[in-house]
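Asks: If you scroll down you'll find the structure; I have some questions about it.
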Amino acid sequence: MTENIKILEKDKQLFDMLQAELMLKTGKKITQQELFSSIIEFVRSRKENFFGRLFKLPLSEKEIKRIESLQSDWGAITTEKEIDMVIYGVER
């Protein structure tokens, strides 16, 4: 089943550019439907991170302290690039 959704012209242009860049990097053509499905699956697998970015939820002091209490030192040295790769899937 297919559905139509309305998108802004600037978003359509960005989507088209993303599709073209993907084709240049991989050498494979991907349909817009395949790209959209891949984006949805990617976001679904990282939805907590996505929701936080989307709504920019401010954390309360209680939430900050709870998160800080979860931290522990595993004895591993981690670079910012490694953290970005794990969290975002790319180097930033």
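Asks: Residue 87 - would you say it is touching a Leu at 6+ places or on another chain (Cβ under 7 Å) and either modelled with pLDDT under 90 or of a type outside the set (Asp, Glu) (or both)?
Replies: no
Asks: Follow-up question, since we're still on this one. Are there any pairs, at least 6 apart or on different chains, whose C-beta atoms fall under 8 Å, with the first in region 53-72 and closer than 20 Å to residue 88 by Cβ and surrounded by 10 or more Cβ atoms within 10 Å (Cβ to Cβ) and the second among the β-branched types (Val, Ile, Thr) and modelled with pLDDT of 85 or more, and if so, which?
Replies: Pairs that qualify, where the first residue is closer than 20 Å to residue 88 by Cβ and surrounded by 10 or more Cβ atoms within 10 Å (Cβ to Cβ) and the partner is among the β-branched types (Val, Ile, Thr) and modelled with pLDDT of 85 or more, are 59/67.
Asks: Would it be correct to say that residue 19 is surrounded by 10 or more Cβ atoms within 10 Å (Cβ to Cβ) and polar (S, T, N, Q)?
Replies: Criteria met by residue 19.
The values are calculated or read from the model by the stated rules, or taken from the named source; none is laboratory data. Please read these numbers as outputs of a predicted model, since none were measured by experiment. For neighbour counting, all protein chains shown are included, and Cβ atoms are generated from backbone atoms with ideal geometry for every residue, glycine included.
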